[in-house]
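J.: Please read through the structure below; I'll follow up with questions.
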Amino acid sequence: MARDDNRGRRDRDETPEFADRLVAINRVSKTVKGGKRFGFAALVVVGDQKGRVGFGKGKAKEVPEAIRKATEQAKRQMIRVPLREGRTLHHDIDGRHGAGRVVMRTAPQGTGIIAGGPMRAVFEMLGVQDVVAKSVGSQNPYNMIRATINGLTKESSPRQVAQRRGKKVADILKKDDAPATEKAEA
């Protein structure tokens, strides 16, 4: 009995660090000899609003159980995304999954989240404050979220690029001023 109490307390301590958003709920039915059996499928996005996000889907006979299963799966499948100034993306990205395709662009401060439906939930849980995004293709929430996550996994920060290329971050971010000064002198 004491073991269950400790596990419950640990779960309560973990939950405040993650926010979750129910994106879609779907009633599905199975036809059996005596009629129909109904079940529910839930799609949930979970994030810490500081650069980590994940999504999960759960199926059960009752809605709360489906949501709980989806939330647990989302917590297990979280990814870390580097954010510029903790508010926007470092560069423009495209994401694809099946027929779902999304385009995500960086935005200046004060723009807000300009994105529709499932993509908005992902950005809010990720902690992005300024982004412009467009869904091109499938409007299915599952495909839109998978395409968004696919695009976010492709994002790389200047620090990651510098490390991969064996350079300093200043070299990566430096503007190409050398040719302009040479032209001015000539």
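Every number in this text was worked out from the coordinates using simple rules, so none of it is lab data. In this text, all values refer to a predicted model and were calculated from it rather than measured experimentally. Here the Cβ is made from the backbone with ideal geometry for all residues, glycine too, and neighbour counts use every protein chain on show.
J.: Look at the stretch 32-86 and say how many of its residues are over 11 Å from the mean Cα position of the chain (by Cα), acidic (Asp, Glu) and either part of a loop (DSSP other than H, G, I, E, B) or surrounded by 18 or more Cβ atoms within 10 Å (Cβ to Cβ) (or both).
T.: 2
J.: Residue check: is Arg96 exposed (fewer than 15 other Cβ atoms within 10 Å of the Cβ), closer than 13 Å to Thr153 by Cβ and in contact (Cβ under 8 Å) with a residue 24 or more places away in the chain?
T.: Against the criterion (exposed (fewer than 15 other Cβ atoms within 10 Å of the Cβ), closer than 13 Å to Thr153 by Cβ and in contact (Cβ under 8 Å) with a residue 24 or more places away in the chain), Arg96 does not qualify.
J.: Output the residues belonging to the stretch 110-165 that are basic (Lys, Arg) and in a helix (DSSP H, G or I). Lay out the reasoning, then the answer.
T.: Residues of the stretch 110-165 basic (Lys, Arg): 120, 134, 146, 154, 159, 164-165.
Once the filter is applied, which keeps residues that are basic (Lys, Arg) and in a helix (DSSP H, G or I), the stretch 110-165 yields Arg120, Arg146, Lys154, Arg159, Arg164, Arg165.
J.: Which number in (1) crowded, with 18+ Cβ neighbours inside 10 Å; (2) assigned to a strand (DSSP E or B) marks the one condition that Arg105 misses?
T.: (1)
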